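Student: Provided herewith is a single structure, encoded as structure tokens, for subsequent inquiry.
The values are calculated or read from the model by the stated rules, or taken from the named source; none is laboratory data. From a predicted model like this one, the values you see are computed outputs, not experimental measurements. Glycine gets a Cβ as well: all are built from the backbone with ideal geometry, and neighbour counts include every protein chain shown. Surface areas here come from the heavy atoms of the whole protein model, side chains and all, with no ligands, DNA or RNA. Shrake-Rupley method; radii C 1.70, N 1.55, O 1.52, S 1.80 Å.
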Amino acid sequence: VFMQNDCCGAPAFSLFISGDTATTGNVSIPGMGFSENFSVTPGAVTTVNLPAGANMTRGGGAAARGVRVTAGADVTVYGLNRVAFTTDAFLGLPTDALGTSYVVLGWRNTNVVNWSQFAVVASQNDTVVTITPRITTGARRAGVPYDITLQQGEAYQLANTDPDPADLSGSIVTANKPVGVFGGHGCANIPDGSTVFCDHVVEQQQPRLPQ
């Protein structure tokens, strides 16, 4: 799923797909009626451009914006969320690498663009996601779990716009079925003290290992 990229214009979304074996596949966003076939040639990168509006938006909440990639052989997939002055890419993890327990890693607000965020996307129907925010975010209270039910391909985004040092890092996400979790910031100021430029940051999170 592509999170909010909060800066300087309309974002563009694309996938870069490669593999060691010649194969074919499909990229779809069922919630938007989007579907495009692709082919992979070893040693080359295939680009699939996604439609405008494929991202989660400022309103937050749930939306059918999950991106599904299938292929006849193993492939590597990178997602690119691009605006002219704020761009980041992430490695997409395969469904067999997803888990049911995560600790969110993102970035804190620094009073330039305040948009610490994370998103959860369901790989199966009737997925019950329990979120425990580390800090109070809107109506969601710090340390108080709440549940969201998602169908396959639906995603949920939580974003915090409070002043420095608000940061959703450390929030806990669990689910009754495997989910993908993405953490980052709409337009982060890195390193601390940088106030002239900001940049979108995103990474798909690794699940917690069983204790």
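So that you can scan it fast, the table gives a plain yes or no per residue for (1) in contact (Cβ under 8 Å) with a residue 40 or more places away in the chain; (2) of a type outside the set (Phe, Trp, Tyr):
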position	(1), (2)
2	yes, no
20	yes, yes
25	yes, yes
33	no, yes
43	no, yes
64	yes, yes
67	yes, yes
77	yes, yes
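Student: Something else now. Assuming residue 74 fulfils every condition listed in (1) out of contact with any Pro (no Cβ under 9 Å at 6 or more places or on another chain); (2) acidic (Asp, Glu); (3) surrounded by fewer than 17 Cβ atoms within 10 Å (Cβ to Cβ) apart from one, which condition is it?
Tutor: (1)
Student: While we're here: Mind checking which residues of the range 171-198 are on the phi < 0 side of the Ramachandran plot and at pLDDT below 90?
Tutor: Taking the range 171-198 as the starting set, the residues that turn out to be on the phi < 0 side of the Ramachandran plot are 171-183, 185-192, 194-198.
Across the range 171-198, the qualifying residues are 189, 190, 191, 192, 194, 195, 196, 197, 198.
Conditions (1) open to solvent by 20 Å² or more (accessible area, probe 1.4 Å); (2) among the polar types (S, T, N, Q); (3) closer than 20 Å to residue 29 by Cβ, marked per residue:
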| position | (1), (2), (3) |
| --- | --- |
| 58 | yes, no, yes |
| 69 | yes, no, yes |
| 82 | yes, no, yes |
| 93 | yes, no, yes |
| 99 | no, no, no |
| 105 | yes, no, no |
| 112 | yes, no, no |
| 119 | no, no, yes |
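Student: Report whether or not residue 120 is free of Cβ contacts under 8 Å to residues at least 60 places away in the same chain and in contact with a Gly (Cβ under 8 Å, 6 or more places away or on another chain).
Tutor: Values: free of Cβ contacts under 8 Å to residues at least 60 places away in the same chain: no; in contact with a Gly (Cβ under 8 Å, 6 or more places away or on another chain): yes.
When the stated conditions are applied, residue 120 does not pass them.
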